[in-house]
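> Please read through the structure below; I'll follow up with questions.
Nothing in this text is a laboratory measurement; each read-out follows from the coordinates by a stated rule. Since this is a predicted model, take the numbers as computed values, not measurements. We place every Cβ from the backbone using ideal geometry, glycine too, and count neighbours over all the protein chains shown.
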Amino acid sequence: IDGTNQHEIISIAKRNQYNWTGQTHPEWSPDSDKILLVATLPTFTSQLFVVDLDGNNPEQITQTTTIGGQSANVLDPSWSKTNQIVYARQWGCFVICSNQDIFSMDYVSRQETRITNDAHWNYDPYLSPDGTTYLWLSFRDSAILCPCDMIKGSATGPLNPTPVIADGGSNANGTFTSDSSQILFLKQVDTRQVLHRINLDGTGLTSIGINPLGESGIGSFVPQITSGDNGGG
């Protein structure tokens, strides 16, 4: 965790042995014993696989699904503490994909459920640690034009999609605090992306950016090592 002892767990040779043409977006399992990732296949589709910590024993957990007469690729997975895997499927692809919605799978039963079903381009989903709230990003105008809103929906009843923030900016990478009450995300400020936190109900927007040039990538909350602390950034 201090950046030392870097080692490869899935080499190109091993990837070829698995008959993958690419791999991306690795995520830890809740107990840190497995790794979830997206692998692309020779059939020009992408599916979710789970591997051991050493990259061995790949297990495909999603299957080819046809939506609108096309195979729907898988992307942007996350694995919640409640053992639900949420991800996006995309289809209607020609240069860019015209359709993208959020799906969920119970890891034990492998039962897949479609979460969103609308005209927006939905992606990068998470389920809150307490299992009550889905969070995802959504291009509300098109797949290539801002704004990109951060949307929440109920995981325990009717979805009722509601913007957490919809300010006309290019918001990105929302992840939950460990108590599910707040979200850490990148908010567009002028031409920069700056780390912010916000309450789940959309109040309490606070900048915590420390880089005057802005940040990029994914911000996430992780447990503090200090005993008794509920979470850090």
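> In square nanometres, what is one fourth of the surface area of the convex hull spanned by the alpha carbons of the stretch 1-90?
On the way: hull surface 26.0 nm².
Convex hull of Cα atoms, orientation-averaged projection: 6.5 nm².
> Still on this structure: Near Ser207, within a Cβ-to-Cβ distance under 10 Å, what is the net charge of the other residues, with Lys and Arg +1 and Asp and Glu -1? The partial results should precede the final answer.
On the way: positive: Lys187, Arg197; negative: none.
Summing Lys/Arg as +1 and Asp/Glu as -1 gives +2.
> Please compute the modelled spin-label separation between Ile9 and Gln111, points set 7 Å along Cα→Cβ, answer in nm with one decimal.
Result: 2.9 nm between the two label points.
> May I pose another question? List the GluC sites (Glu not before Pro) within the stretch 1-74 that DSSP assigns to loop and that have no more than 12 neighbouring Cβ atoms inside 10 Å.
Sparse-neighbourhood loop GluC sites (Glu not before Pro): Glu8.
> Another question about this same structure. Can you give the three extents of the C-alpha atoms in the stretch 114-195 along their principal axes, from longest to shortest, in whole Å?
Answer, in whole Å and largest first: 36, 29, 16 Å.
> Right, next: Let me check against my output: what whole-number percent is the relative contact order of the stretch 32-115, with C-alpha pairs under 8 Å and at least 6 apart?
Answer for the stretch 32-115 is 19 percent.
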